[in-house]
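Data block below; observations after.
The values are calculated or read from the model by the stated rules, or taken from the named source; none is laboratory data. A quick note: this is a predicted structure, and the numbers were derived from the prediction, not measured. Because the Cβ atoms are built from the backbone with ideal geometry, glycine has one as well, and the counts that use them run over all protein chains shown. Heavy atoms of the whole protein, side chains included, go into the accessibility calculation; ligands, DNA and RNA do not. Shrake-Rupley method; radii C 1.70, N 1.55, O 1.52, S 1.80 Å.
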Amino acid sequence: MTISSGPSQTLPVLHASDLKVTVGANTGDGIGVLEDLDLDDIYELNPAAEAAHLTLATGGEHGFRVDARSELGTPEHEVHLDCVLSLMSPDGQTTDVLVLVEVDHDGLIAAIYALPLAPLLPKVEYTLLRAVRETAAQKLAQVACVSFTRGTHITLATGAQKKIEELQVGDRILTRDDGIQPIRWIGQSTVRATGAMAPILIREAALNNAHDLIVSPDHRLFIYQRNDALGTGCPEVLVKARHLVNGETVLQQQGGFVDYFQILFDRHHIIYAEGIAAESMYLDHATRPALPRDLLDKMAAGIGRHGRRDQHGLDVDRSSLNPKDAVGILRGASLG
């Protein structure tokens with residue numbers, strides 16, 4: 001059993017060398033930092049390329065560092081967001097790609113990673129339309145924010161259920177950890193339901209939920225184990241939705257678009273969605289660019305007081321869960 005030592009953000013990234021210029025000023029080169037890129041260069045994905053996991057923790061001059069549990073990178077190396085690219089395929093579809101740079105303790109580039117926000121295909125020519133630094137943080141925030149989808153029923157202070165798109169700032173919500181709390185902000189975005197942004201469907205009753213629940217991939221669900229079925233030694237655990245995908249009762253829904261909603265309180269809470277205990281939005285270095293500037297200014301002083309994201313239980317690492325039976329184990333553990 002592997003239990004994480006704290007909250008983190010895991011990103012399915014490619015090595016920069018997996019996307020190389022086949023036609024243009026930088027022919028033969030992989031994706032680089034903003035200053036080295038040339039618009040209209042044509043990139044192709046290496047057919048043998050496979051995404052690997054870069055796990056980031058908050059900290060360092062650039063806001064992020066490589067977590068000790070990361071599959072890629074050197075622990076404690078700093079990572080910064082360099083830019084976001086827009087690549088266009090021959091059929092006119094555009095795909096955004098985040099470029100992340102890992103630097104060593106001397107400040108030198110150790111590695112460059114690419115995070116496509118929608119799948120890229122081999123043997124397809126992608127033209128670089130634009131490359132900008134200013135919106136990179138907002139794009140990462142879209143990935144980092146835990147989100148519910150349109151139609152999700154949230155439990156109010158009265159016990160009544162209300163669809164998330166009908167909630168308003170100030171509505172009083174039932175939280176597991178701190179009673180009744182008012183909503184501070186509700187965010188909403190519509191994104192392509194592909195790649196890193198594709199939502200996770202948890203079918204009705206899979207985790208004792210009253211109806212289907214659809215959330216963002218890294219949304220953490222709270223499970224109270226009455227019999228410690230996972231052997232964590234702790235009854236309260238947090239599990240990311242994507243770690244439960246089994247192709248039957250929990251699935252990733254690829255294709256089309258998805259409306260994502262975020263609920264922010266004055267601090268991080270566990271709330272109820274379709275009867276499942278799940279986390280609210282956590283305000284940190286990765287997610288705060290999602291907030292409107294006026295609200296961010298008001299809450300800036302409170303970011304450090306938003307609580308620890310791991311204060312509600314132990315984060316269970318994906319290596320400790322067998323998706324084929326994890327859902328059943330967790331469902332049974334919560335019933336006792």
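Scanning the stretch 105-120 for residues that are open to solvent by 40 Å² or more (accessible area, probe 1.4 Å) and not hydrophobic (A, V, I, L, M, F, W, C), which turns out farthest from the chain's Cα centre (by Cα)?
Restricting to residues being open to solvent by 40 Å² or more (accessible area, probe 1.4 Å) and not hydrophobic (A, V, I, L, M, F, W, C), the top hit is ASP106.
When the residues of the stretch 182-215 are filtered to those that are open to solvent by less than 10 Å² (accessible area, probe 1.4 Å) and over 21 Å from the mean Cα position of the chain (by Cα), which remaining residue is nearest to GLU274 (Cα to Cα)?
Among them, the one singled out is ASN209.
Give the stretch 51-61 a look and list any residue that's in contact with a strand residue (DSSP E or B) (Cβ under 6 Å, 6 or more places away or on another chain) and either within 20 Å of LEU14 (Cβ to Cβ) or among the polar types (S, T, N, Q) (or both), or say none.
ALA51, HIS53, LEU54, THR55, LEU56
Do the conditions hold for ALA57, that is, is it part of a strand (DSSP E or B) and farther than 28 Å from PRO199 by Cα?
The answer is no for ALA57.
I'm trying to understand the selection: among the residues of the stretch 142-200, which are of a type in the set (Asp, Glu) and in contact with a His (Cβ under 8 Å, 6 or more places away or on another chain)?
The answer is ASP177, ASP178.
Please indicate, with yes or no, whether at least one residue in the stretch 62-69 is open to solvent by less than 50 Å² (accessible area, probe 1.4 Å) and farther than 22 Å from GLN138 by Cα.
No, that holds for no residue.
If SER89 satisfies every condition in (1) surrounded by fewer than 19 Cβ atoms within 10 Å (Cβ to Cβ); (2) closer than 19 Å to ASP29 by Cβ; (3) in contact with an Asp or Glu (Cβ under 8 Å, 6 or more places away or on another chain) but one, which is the exception?
With (1) surrounded by fewer than 19 Cβ atoms within 10 Å (Cβ to Cβ); (2) closer than 19 Å to ASP29 by Cβ; (3) in contact with an Asp or Glu (Cβ under 8 Å, 6 or more places away or on another chain) applied to SER89, the lone miss is (2).
Results for (1) among the aromatic types (Phe, Trp, Tyr); (2) closer than 18 Å to THR194 by Cα; (3) open to solvent by less than 10 Å² (accessible area, probe 1.4 Å); (4) touching a residue at least 60 places away in the same chain (Cβ under 8 Å), shown as yes or no for each residue.
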| position | (1), (2), (3), (4) |
| --- | --- |
| LEU14 | no, yes, no, yes |
| LEU39 | no, no, no, yes |
| PRO47 | no, no, no, yes |
| LEU72 | no, no, no, no |
| LEU81 | no, no, no, no |
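Identify all residues within the stretch 121-138 that are among the hydrophobic types (A, V, I, L, M, F, W, C) and open to solvent by 20 Å² or more (accessible area, probe 1.4 Å); write none if there are none.
LEU121, VAL124, LEU129, ALA131, VAL132, ALA137
Pairs needed: first member in the stretch 279-297, free of Cβ contacts under 8 Å to residues at least 24 places away in the same chain; second member anywhere, crowded, with 23+ Cβ neighbours inside 10 Å; C-beta distance under 7 Å; at least 6 residues apart or different chains.
Close Cβ pairs (under 7 Å, with a partner that is crowded, with 23+ Cβ neighbours inside 10 Å) amount to LEU283/LEU264.
Residue by residue, here is whether (1) outside any helix (DSSP H, G or I); (2) under 18 Å from LEU37 (Cβ atoms); (3) in contact with a strand residue (DSSP E or B) (Cβ under 8 Å, 6 or more places away or on another chain) holds:
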position	(1), (2), (3)
ARG69	yes, no, yes
HIS80	yes, yes, yes
CYS83	yes, yes, yes
PRO90	yes, no, no
THR95	yes, yes, yes
GLY107	yes, no, no
ILE112	yes, yes, yes
LEU128	yes, yes, yes
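Condition test on LEU19, is it within 23 Å of HIS219 (Cβ to Cβ), buried (at least 20 other Cβ atoms within 10 Å of the Cβ) and out of contact with any helix residue (DSSP H, G or I) (no Cβ under 6 Å at 6 or more places or on another chain)?
So LEU19 does not fit the description; no.
List pairs: first residue in the stretch 169-186 and modelled with pLDDT of 95 or more, second residue of a type in the set (Lys, Arg) and part of a strand (DSSP E or B) anywhere in the structure, Cβ distance under 9 angstrom, at least six positions apart or on different chains.
Pairs found: ASP171/LYS162; ILE180/ARG172; GLN181/ARG172; PRO182/ARG172; ILE183/ARG172.
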